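S.K.: Shown below is the structure under consideration.
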Amino acid sequence: MKILLVDDHALIREALRGVLKELIDDPIILEGSDCRQAMRLIEAHPDLHLILLDLNLPDRDGFAMLADVRKRYATISLVVLSASRDRETVIRALDLGALGFIPKSAPRDVMVNALRLVFAGGIYIPSEALASAASKAQQPAAGRPVSPADLGLTERQMDVLALMMQGKSNKAISRILDVAEPTVKHHVTAILKALRVANRTEAVIALGSLGWKIPER
């Protein structure tokens with residue numbers, strides 16, 4: 001697996017190298033200390049599997065680079081690293097296409113588990129963002145965890161939700177499930193309403209707060 005680390009702090013890159021070597025056998029790890037160097041490496045290695053991107057870089061806004069990479073290299077997975085961990089920053093990164101958001105202040109075991117989740121096809125969201133979304137979910141009587149049935153979600157809508165969690169577009173979901181795209185849009189609208197959120201990113205965060213196990217499609 002070929003991975004690019006983009007951070008202007010050598011100690012952070014060294015720590016990430018150690019984490020990656022713990023998770024992957026013989027990873028190919030490239031490093032960039034700013035956006036300019038990182039973009040040159042991406043152009044030279046379009047077969048990258050993953051980019052770990054710091055948002056606070058010396059020569060360019062990290063969000064701008066995130067948007068640029070997602071537009072030009074859609075097949076490369078990207079996870080954000082940041083000293084910031086507020087909900088607005090997390091949501092903005094996920095809206096721009098990041099598959100996870102790892103606070104730099106997170107303990108090593110949290111980083112390990114976060115990257116393990118990403119490698120397994122999941123999306124890692126810090127607990128602070130999940131906690132702020134949890135209050136939106138309805139809790140049934142007796143304090144038991146809320147279930148999809150409690151929110152009125154059907155089995156087909158759970159299929160759609162599973163594919164939304166993988167970042168699939170409505171068109172891709174309609175093709176995978178062999179249903180019309182307007183039908184998918186209807187399901188997505190129902191899911192957002194049930195979860196009391198405004199968009200897909202908030203749905204992912206709300207889902208994490210609910211702790212549901214969504215089967216892969």
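The values are calculated or read from the model by the stated rules, or taken from the named source; none is laboratory data. Just so it is clear, the structure is predicted and the values come from calculations on it, not from any experiment. Neighbour counts are summed over all protein chains in view; Cβ atoms, including those assigned to glycine, are modelled from backbone coordinates with ideal geometry. Only protein heavy atoms, including side chains, enter the accessible area calculation; ligands, DNA and RNA are left aside. Shrake-Rupley method; radii C 1.70, N 1.55, O 1.52, S 1.80 Å.
S.K.: List pairs: first in region 91-113 and among the hydroxyl-bearing types (Ser, Thr, Tyr), second open to solvent by 50 Å² or more (accessible area, probe 1.4 Å) and assigned to a loop (DSSP other than H, G, I, E, B), Cβ under 8 Å, 6+ apart or cross-chain?
M.R.: 105/83; 105/85
Quick grid of which residues meet (1) in contact with a Leu (Cβ under 6 Å, 6 or more places away or on another chain); (2) of a type in the set (D, E, K, R); (3) surrounded by 16 or more Cβ atoms within 10 Å (Cβ to Cβ); (4) within 28 Å of residue 198 (Cβ to Cβ):
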{"position": "18", "(1), (2), (3), (4)": "no, no, no, no"}
{"position": "22", "(1), (2), (3), (4)": "no, yes, no, no"}
{"position": "51", "(1), (2), (3), (4)": "yes, no, yes, yes"}
{"position": "68", "(1), (2), (3), (4)": "no, yes, no, yes"}
{"position": "79", "(1), (2), (3), (4)": "yes, no, yes, yes"}
{"position": "87", "(1), (2), (3), (4)": "no, yes, yes, yes"}
{"position": "91", "(1), (2), (3), (4)": "no, no, yes, yes"}
{"position": "109", "(1), (2), (3), (4)": "no, yes, no, no"}
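S.K.: Quick one: in region 143-175, of everything that is free of Cβ contacts under 8 Å to residues at least 24 places away in the same chain and among the aliphatic types (A, V, I, L, M), which residue is farthest from residue 212 (Cα to Cα)?
M.R.: 172
S.K.: From the residues in region 162-175 that are closer than 21 Å to residue 127 by Cα and assigned to a helix (DSSP H, G or I), which one is most open to solvent (accessible area, probe 1.4 Å)? Show your work before the answer.
M.R.: Kept after step one, since they are closer than 21 Å to residue 127 by Cα, are these residues of region 162-175: 162, 164-167.
Still in the running and assigned to a helix (DSSP H, G or I): 162, 164-165.
Working: 162: 5, 164: 15, 165: 46 Å².
So, considering only residues that are closer than 21 Å to residue 127 by Cα and assigned to a helix (DSSP H, G or I), the one most open to solvent (accessible area, probe 1.4 Å) is 165.
S.K.: Would you be able to tell me the number of residues in region 176-201 that are under 20 Å from the mean Cα position of the chain (by Cα), free of Cβ contacts under 8 Å to residues at least 12 places away in the same chain and assigned to a helix (DSSP H, G or I)?
M.R.: Total satisfying the criteria: 1.
S.K.: Under 26 Å from residue 54 (Cβ atoms) and modelled with pLDDT under 85: is that true of residue 129 in this structure?
M.R.: On the way: under 26 Å from residue 54 (Cβ atoms): yes; modelled with pLDDT under 85: yes.
So residue 129 passes the test.
S.K.: In region 56-66, what count of residues is obtained for those that are of a type outside the set (S, T, N, Q) and open to solvent by 20 Å² or more (accessible area, probe 1.4 Å)? Explain how you work it out, then say what you get.
M.R.: Initially, region 56-66 is screened for residues of a type outside the set (S, T, N, Q), giving 57-66.
In the following step, the residues that additionally are open to solvent by 20 Å² or more (accessible area, probe 1.4 Å) were identified as 58-61, 63-64.
Of the residues in region 56-66, 6 are of a type outside the set (S, T, N, Q) and open to solvent by 20 Å² or more (accessible area, probe 1.4 Å).
S.K.: Right, another one. Scanning for something touching a residue at least 12 places away in the same chain (Cβ under 8 Å), touching a Ser or Thr at 6+ places or on another chain (Cβ under 7 Å) and part of a strand (DSSP E or B), does region 3-13 turn up at least one residue?
M.R.: No: region 3-13 contains no residue that is touching a residue at least 12 places away in the same chain (Cβ under 8 Å), touching a Ser or Thr at 6+ places or on another chain (Cβ under 7 Å) and part of a strand (DSSP E or B).
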